[in-house]
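Colleague: I have a structure I would like to understand better, so I am pasting it below and will then ask my questions one at a time.
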Amino acid sequence: MKKKILIIALIGLITISFNSLMAQAQGGGRGGQQEQVDELTETQTKTVNNILSKYDSKSISESDAKAIMEAIRDAKVPGGKGVETAFKNAGFNFEEVRKLAPRPGRPNRN
């Protein structure tokens, strides 16, 4: 009887461990969503400014928006209020860019 309980407990533990590992492999169980921060570091802000400096804030195309968002993801700049503030300070409308280039695999939030 004790062996059966031990085996069942081990199977449960293995299942929980496997599910946990799978969630981490898929981006921490959050669908690969990147970290969210309220403030960027000075280096991150400079990175965003450098990316945005290549574009005209008054005429962003869909391909421009996709390139901007991809460059920010590739630079591993965290999302959230910090990046939104950096966009605003550089004269860009973050919401408009995001609408033109929703994150891959996520629906466009209007």
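A short reminder: the numbers here are calculations on the coordinates, not readings from a lab. None of these values were measured; they are calculated from a predicted model.
Colleague: Within straight cross-link reach of Lys54, meaning Cα distance under 25 Å, which lysines are found once same-chain residues fewer than 8 apart are removed?
Modeller: Once the sequence-local lysines are set aside, what remains near Lys54 is Lys46, Lys66, Lys76, Lys81, Lys88, Lys99.
Colleague: Straight-line reach only, C-alpha to C-alpha below 21 angstrom: list the lysines that Lys3 could link to, leaving out same-chain residues fewer than 8 apart.
Modeller: none
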